[in-house]
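Colleague: Quick one: the structure is below, questions incoming.
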Amino acid sequence: MKKIFLRGKVLFIILSISSLFSEVFAEQPVSFRGANLLVSASVESPVRETLLRMLQEEISERSGQNLRIRDSWQGSANTIAIALSGDETLYGRDLPESASELKAEGFRVLSIKEGNAHAIWIIGADTRGALFGAGWLLRNLRLERNRISIQLPVDIQSAPVYPIRGHQIGYRTAANTFDAWSVEQYEKYIRELVIFGTNAIESIPIDDDNANAISVHMKIKPGEMNTRMSEICHKYGIDFWAWTPATFDLRDQAKRKTELEKHEKFYKSCVRLDHIFFPGGDPGKNHPREVMPYLRDLHQILTKYHPHAGMWISLQGFSVEQVDYFYRYLDEHQPTWLMGVVTGPSSPSVSETRFRLPSQYKHRHYPDITHTIRCDYPVENWDQAYALTLGREPVNPQPYYYAGIHASLAPFTDGFVSYSDGSTDNVNKIVWSMRGWNPALPVDEIMTQYARYFFGPGLENDGAAGIFALEKNWDGPLTANGGVETTLAFWKQLEKENPALNRNNWRWQMMLMRAYYDAYTRRRLIYEESLEREANAILEKAGEYGAAKAMALALAKVNEADTKPIATDLRKRIEELFEDLFRTIGLQSSVPKYDASGYERGASLDFVDYPLNNRWWLADQFENLGKSGTEEERLTRIKTISSWENPGMGSYYDDISNIRKGPRVTTRSYDATDVAWWDNGFSRERLSFQLFQKSPVIEYDHLNPGARYHIRVCGEGDALIRVDGVRLEPILYNKEKGSFKEWIVPLELSRKGKIKVTFDVPEESQLNWRQHSKISDIWLLKVNP
């Protein structure tokens, strides 16, 4: 036994040593401090000069060191050599043999050791390939103060799966950040997107110099900035797109002529312009019978200045008849001037568009990766507390969610240029760019590269983990999500350890702000809901106190949220971080403080203290009750209010779209209409009224077979109810906001112990979606026979 034990011990030691040596002789960090940089003259100008500058500036910013630009090989010095696959030699030295042919925009990165000298070869299939290969190098170098190193050996070959990988970053007043940027900041941001695989930038240029289009933050006029953006794209050799709607009636020949002249002026001013995107009916109300000839005329002007540029159209906002007309037009005319179709918000589906679109036309996705509610891809399982406070356009790092959306929709397209209106979605931009390059790239690897590059090589794992934790903060009922506190503790430790990032790194500041904001919101939610429960307990004694006293005591209790606030330290830090973000990146988180363009445009600071209980609604209810009615009528209404969410033994209440308070609701509304936007976000309505669905499904079980039940609904407009498919006739039917409707459930339906409640969708096509019927609250009330 002893020999076997010793033999096993020796074997363990041998295996350990073997493993150690394999690690030693495998990947090793090799210093490239002071290395030489060689770039082939066949890399096209001005990209060659931009590539050199990009490498020098990005490396110097992070390490304080510079590479040495050379035009010859220098003995035993380590070298970074950039060439094109068509080159036979680089400054007299043969290129390494390629294992396989490189695809467009692709590259190979290969390390070779000769004596003591290491050379990293970046071989591009073309000029863009060389640029993206340099981006790979920057993402994988370990750049620290006075240190430049990389794990060697390396031999990778890569090419993009999708040819279109872009982002819209329009310089306009509606943006939550972009309008505060200088030309230098725009170039920096575009460069960083390029480093992560982006090959297209879209602007919003037409009619952008009028007084209404200029914000207080703008350093130059929009027209000039759009010209400069074209120049930046030219320098980096990437595509420049322009988003150009027509908000006027195209049948007005005078306005049409003026618009064509504006376009020609813009086309002429651009050193590079590759694509024009006309967004259908969003905005605008023109029929495609007017749109298509207009786009044909635009294309004739466009190709005078940019012969290879393409024209694109989306079918956003088009009716079924208009969509059918468009496809008939393609069949009949087969326009060669049209390059492709874009699928965006309020378009036919991505899959339908690809199915109906003739194969000669390309298909681009226009995904909204910025917004959280009232949008194409609302946050799933998002607590109402976040919707009320962070709002529609907050800092929203959701790497797994947006990677999943890309995976499901990208195969129907040739790529994407995303919708974006600020810097708050920067994580999502990187995810889409890298998944557009390689759809199989793991999300954790993308975020590790993101954190390494933007936070530093010592933070690649913790930074990525912190971002994933922020995404989990948004998953499910907030009161039950104790992980929010863990996320805050994690980020507070990172904050303590990285003071330089706290001061100057806007991406880092955004993550910190979200960690504090989420935790502050959760603590307020728990506290304020507890105050409302106490207030309801007071109201239940209204018969003892009298209506006036009960209302005064209850209101004082819920208002302790304001008079006795909690977590003031978190609140203070949130405000400090928003101030830092305005300083570092121009983020406009408040309308009064930072001149945000609107309360729905990233103004999360303005809603940080929005009530998470119903104190505003209660104050208004009590004020109205105090002015009218008898004492008995007041007590009756107070009983309705106090028992709103607790209707009594054997009865049930569901807040239709609240994931915490709708356990019997089986539908989740992600149709852009389930979260209200009233009074610029400062609605005083009951919180449940601000969540709704058009046609929810509610399932009840464990009912008393011998009991009589009524269904009560609160909402606005019509409610066409069915129970187990049977349409019911109401005994009460009010349509005003916040009023009740009621039905008797037939005994033959409830006696089996379970029922399914559904709602038909009323015919309201003539109405704006904001005026559609809404169902916000539902009760199944057990009543005495």
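The values are calculated or read from the model by the stated rules, or taken from the named source; none is laboratory data. Please read these numbers as outputs of a predicted model, since none were measured by experiment. FYI the Cβ positions are ideal-geometry reconstructions off the backbone, even for glycines, and counts take in every protein chain you see. Side chains included, ligands, DNA and RNA excluded: accessible areas come from the protein's heavy atoms. Shrake-Rupley method; radii C 1.70, N 1.55, O 1.52, S 1.80 Å.
Colleague: For the stretch 699-733, what are the residues that are part of a strand (DSSP E or B) and either out of contact with any Leu (no Cβ under 8 Å at 6 or more places or on another chain) or among the polar types (S, T, N, Q) (or both)?
Modeller: Glu699, Val713, Cys714, Gly715, Glu716, Leu720, Pro730, Ile731, Leu732, Tyr733
Colleague: Please enumerate the residues belonging to the stretch 205-238 that are in contact with a Lys or Arg (Cβ under 8 Å, 6 or more places away or on another chain), on the phi < 0 side of the Ramachandran plot, at pLDDT 95 or above and buried (at least 19 other Cβ atoms within 10 Å of the Cβ).
Modeller: Those that are in contact with a Lys or Arg (Cβ under 8 Å, 6 or more places away or on another chain), on the phi < 0 side of the Ramachandran plot, at pLDDT 95 or above and buried (at least 19 other Cβ atoms within 10 Å of the Cβ): Ser230, Cys233, Tyr236, Ile238.
Colleague: Being hydroxyl-bearing (Ser, Thr, Tyr) and loosely packed, with under 15 Cβ neighbours inside 10 Å is true for just one of Thr521, Thr563. Which residue is that?
Modeller: Answer to the check: Thr563.
Colleague: Quick check on my filter: what residues within the stretch 47-69 are of a type in the set (A, V, I, L, M, F, W, C), touching a strand residue (DSSP E or B) at 6+ places or on another chain (Cβ under 9 Å) and part of a helix (DSSP H, G or I)?
Modeller: Within the stretch 47-69, Leu51, Leu52, Leu55, Ile59 meet the criteria.
Colleague: Now for a different question. Of all the strands (runs of 3 or more DSSP E) wholly in the stretch 211-330, which have at least 3 residues that are in contact with a Pro (Cβ under 9 Å, 6 or more places away or on another chain)?
Modeller: Passing ranges, in order: 310-314.
Colleague: Are any residues in the stretch 247-271 modelled with pLDDT of 95 or more and open to solvent by 100 Å² or more (accessible area, probe 1.4 Å), and if so, which ones?
Modeller: Across the stretch 247-271, the qualifying residues are Arg251, Gln253, Lys255, Lys257, Lys265, Lys268.
Colleague: Go through (1) of a type in the set (A, V, I, L, M, F, W, C); (2) open to solvent by 10 Å² or more (accessible area, probe 1.4 Å); (3) in contact (Cβ under 8 Å) with a residue 60 or more places away in the chain; (4) touching a strand residue (DSSP E or B) at 6+ places or on another chain (Cβ under 6 Å) for Phe277 and report which single condition fails.
Modeller: Against the list (1) of a type in the set (A, V, I, L, M, F, W, C); (2) open to solvent by 10 Å² or more (accessible area, probe 1.4 Å); (3) in contact (Cβ under 8 Å) with a residue 60 or more places away in the chain; (4) touching a strand residue (DSSP E or B) at 6+ places or on another chain (Cβ under 6 Å), Phe277 comes up short only on (2).
Colleague: Here is a list: Ser688, Ser776, Ser695, Ser683. Which entry is within 21 Å of Thr666 (Cα to Cα), assigned to a loop (DSSP other than H, G, I, E, B) and open to solvent by less than 70 Å² (accessible area, probe 1.4 Å)?
Modeller: On inspection, the qualifying residue turns out to be Ser695.
Colleague: Something else about it: Listed residues Ala535, Ala548, Ala552, Ala556; which is open to solvent by less than 50 Å² (accessible area, probe 1.4 Å) and either in a helix (DSSP H, G or I) or modelled with pLDDT of 95 or more (or both)?
Modeller: On inspection, the qualifying residue turns out to be Ala535.
Colleague: Out of Pro345, Pro335, I need the residue that is within 26 Å of Asp249 (Cα to Cα) and modelled with pLDDT under 95. Which one?
Modeller: From the options Pro345, Pro335, the qualifying one is Pro345.
Colleague: Quick check, is Thr370 open to solvent by less than 30 Å² (accessible area, probe 1.4 Å), within 30 Å of Phe278 (Cβ to Cβ), at pLDDT 95 or above and β-branched (Val, Ile, Thr)?
Modeller: For Thr370, the condition - open to solvent by less than 30 Å² (accessible area, probe 1.4 Å), within 30 Å of Phe278 (Cβ to Cβ), at pLDDT 95 or above and β-branched (Val, Ile, Thr) - is met.
Colleague: If you don't mind, there's one more thing I want to ask. Please tell me if Pro283 is open to solvent by 20 Å² or more (accessible area, probe 1.4 Å), at pLDDT below 95 and either charged (D, E, K, R) or closer than 22 Å to Ser420 by Cα (or both).
Modeller: Yes: the conditions hold for Pro283.
Colleague: Output the residue which, of all residues in the stretch 26-61 that are open to solvent by less than 80 Å² (accessible area, probe 1.4 Å) and of a type in the set (Ser, Thr, Tyr), is farthest from Cys233 (Cα to Cα).
Modeller: Only one residue tops the list, namely Ser31.
Colleague: Here's another thing I want to ask about it. Checking the structure you have, find out if any residue of the stretch 702-714 is charged (D, E, K, R) and modelled with pLDDT of 95 or more.
Modeller: Taking every residue of the stretch 702-714 in turn, at least one turns out to be charged (D, E, K, R) and modelled with pLDDT of 95 or more.
Colleague: Please give the helices (runs of 4 or more DSSP H) falling wholly within the stretch 403-512 in which 1 or more residues are open to solvent by less than 20 Å² (accessible area, probe 1.4 Å) and closer than 28 Å to Asp383 by Cα.
Modeller: 426-437, 443-455, 460-473, 483-497
Colleague: With Lys782, Lys735, Lys754 as the choices, which residue is at pLDDT 95 or above, among the charged types (D, E, K, R) and under 15 Å from Phe692 (Cα atoms)?
Modeller: After ruling out the rest, the residue left standing is Lys735.
Colleague: Still on this structure, please answer the following. Taking the criterion of being out of contact with any Pro (no Cβ under 6 Å at 6 or more places or on another chain), farther than 27 Å from Val379 by Cα and in a loop (DSSP other than H, G, I, E, B), would at least one residue in the stretch 651-669 satisfy it?
Modeller: yes
Colleague: Out of everything in the stretch 739-773 that is assigned to a loop (DSSP other than H, G, I, E, B) and in contact (Cβ under 8 Å) with a residue 60 or more places away in the chain, what residue ends up being most open to solvent (accessible area, probe 1.4 Å)?
Modeller: Val761
Colleague: Here's something else I'd like to know. Inspect the stretch 383-400 for any residue being open to solvent by less than 10 Å² (accessible area, probe 1.4 Å), modelled with pLDDT of 95 or more and over 30 Å from Leu581 (Cβ atoms) and give the result as yes or no.
Modeller: No, there is no match, as no residue in the stretch 383-400 is open to solvent by less than 10 Å² (accessible area, probe 1.4 Å), modelled with pLDDT of 95 or more and over 30 Å from Leu581 (Cβ atoms).
Colleague: List, please: which pairs have Cβ atoms under 7 Å, are six or more places apart or on different chains, and start with a residue in the stretch 461-477 that is touching a residue at least 60 places away in the same chain (Cβ under 8 Å) and end with one that is surrounded by fewer than 18 Cβ atoms within 10 Å (Cβ to Cβ)?
Modeller: Close Cβ pairs satisfying both conditions: Glu471/Tyr400; Asp475/Asn381; Gly476/Asn381; Pro477/Arg660.
Colleague: Go through the stretch 111-135 and give me each residue that's among the aliphatic types (A, V, I, L, M) and within 15 Å of Ser40 (Cβ to Cβ).
Modeller: Ala119, Ile120, Ile122, Ile123, Ala125, Ala130, Leu131, Ala134
Colleague: Oh, and also: Within the stretch 99-120, which residues are out of contact with any Gly (no Cβ under 9 Å at 6 or more places or on another chain) and either in a helix (DSSP H, G or I) or open to solvent by less than 50 Å² (accessible area, probe 1.4 Å) (or both)?
Modeller: Selection gives Leu110, Ser111, His118, Ala119, Ile120.
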